[in-house]
Amino acid sequence: MAGRGARGTHGRRRTALVVAGAGARGAYQAGAITSLLPRMTRHGAAPAILVGTSAGAINVLGLAAFADEGLPTAAERVVDLWTGVVSSDVYSSVHSLLGTGAAFLGQAIGFPRTRLVSLLDTTPIRGTLQRLVPWTRLHENIRAGLVDAVAVATTSVATGGTVVFVEKNDSVRLPEYDIRRNISYVETTLTVDHLLASSAVPILFRPIHVTDRCAPQRSGWYIDGGLLLNTPIKPALLLGANDVGVVATQPRVWPPPVAARTGRHRPAPPDVAGVAALALRAMLGYRMIEDLHTLEFRNARIAQTRAVSPTDRPIGIDFAGPPPGQAGRIAEIAEDVVHRRPAVRRFLRNPAPSVVARLVGGDDEDRGDLLSFLLFDPEFTSAIADLGREHGAEPSSAPAVEGIRA
């Protein structure tokens, strides 16, 4: 791991855990966290700042809510939450299929006051999150300093910018507006609405209207923070972290370049599944890779110049995610879980992913990537949680930074 960082707010060195958005793949992240936490503790302090987007926001809120039991136990509790959820806890398949068709038809023929706001009816997820997250314990643990800050990233429909809602104690300073990345920070008491907003996957899930009593000027419509900031590393640093643990479902390096084709025939154009899967991979991982490379370049530059200023120290980075050679393993598991069941049983058990798979077509990897985002199925989530444990236990070395010698 890179060298340890400088001191944080009030002279403390702080570590942050940053968890990316991932849909149902959040179960993989939960498993990875159970293995990453011991590594982070060996390298320095246990994480006191928890920052997440979408499924990552669910993971960090769960960790904070159970923090009074100790973070290792809290991490196991979060895994149990993921592996106990079924699709009907998240969205109504029947209402989604019927409601989407009716809304689309009504909007097409100009029926008054008819709008298609999402493809899935996500009414059930509100009750699920209210039931599974002990909200009172969350607030008490932050006040007691078991966790110093919890932050969730959202995207404002009104401004098109990222809004990070932060619940913190007095030891943490709220960052100012980030004009470069258009990120606003709002201090609040986190509620299920903030969590739903961070998880409102564009097009699939309904936008959420947040009525924030702590910051009424920020009330409005919000969608998934992953649209602009799927892996919120920068907010973690601005909240006072000197070292970061990053959990994602994409590798920390770019996909390898593809050799130029030598044949005369033009390859077939990508279908809807191929384009959608590429967009999903880009949203889940590409900005994270850029941000990690920026940190690695900074660390390498500091190491090269042997900087000694307390304000210019390397930022420690721990990463938990798929190795490059296993980038498609989660998709493979999703494909296997869905398609080894008889077609009738598959449809009756979880019709929405089956319908999506039929509609979008595509090859196994592309279809598996899309299915893995919506497959809230204990067989799938248990399998990828175990995969996350395996990958989280394997330290990922930082790639070489071009132009900087070790």
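Per-residue SASA remark: R298, around 60 Å² accessible (1.4 Å probe; ligands, DNA and RNA not included).
Coupling constants for region 48-60 follow from the phi torsions by the Karplus curve (6.51 cos²θ - 1.76 cosθ + 1.60, θ = phi - 60°), and in residue order they are 10, 10, 10, 10, x, 10, 6, 4, x, 5, 4, 5, 6 Hz; glycine and proline get x. Spin-label model, W135/A268: points 7 Å from Cα along the beta carbon direction are separated by 4.9 nm.
Using the beta-carbon distance between V275 and R340 and R0 = 35 Å, what value does 1/(1 + (r/R0)^6) give for FRET efficiency, to the nearest 0.05? With a Förster radius of 35 Å, E is 0.85. Remark: relative contact order (region 177-227) = 34 percent; criterion is Cα-Cα distance under 8 angstrom and separation of 6 or more residues. Between D68 and T159, what's the calculated FRET efficiency when r is the beta-carbon distance and R0 is 41 Å? Round to 0.05. FRET efficiency, D68 to T159: 0.65. Converting phi to 3J(HN,Hα) with the Karplus coefficients 6.51, -1.76 and 1.60 and the offset θ = phi - 60°, region 374-383 yields 10, 8, 7, 9, x, 5, 6, 5, 5, 5 Hz in sequence order, with x at every glycine or proline.
GluC sites (Glu not before Pro), restricted to region 155-249: which are DSSP loop and have at most 14 other Cβ atoms within 10 Å?
Within region 155-249, the qualifying GluC sites (Glu not before Pro) (loop, at most 14 other Cβ atoms within 10 Å) are E176.
Tally Lys and Arg at +1 and Asp and Glu at -1 over the other residues with C-beta under 15 Å from the C-beta of T34: what net charge comes out? Net charge around T34: -3. Counted by Cβ distance under 12 Å from G70, the other residues give a net charge of -2, where Lys and Arg count +1 and Asp and Glu count -1.
Of Y28, Y286, the residue with the largest accessible area leads and the full order is Y286, Y28 (1.4 Å probe). Shown are D336, D224, D89, whose ranking by accessible area with a 1.4 Å probe and every protein chain present, most to least, is D336, D89, D224. For A215, nonlocal amide neighbours, meaning residues 5 or more places apart or on other chains whose placed amide H falls under 5 Å from its own, do not occur.
The values are calculated or read from the model by the stated rules, or taken from the named source; none is laboratory data. These numbers come from a predicted model, not from an experiment. So basically every Cβ, Gly included, is an ideal-geometry build from the backbone, and we count neighbours across all protein chains shown. Side chains are part of the model used for accessible areas, which takes the heavy atoms of the whole protein and leaves out ligands, DNA and RNA. Shrake-Rupley method; radii C 1.70, N 1.55, O 1.52, S 1.80 Å.
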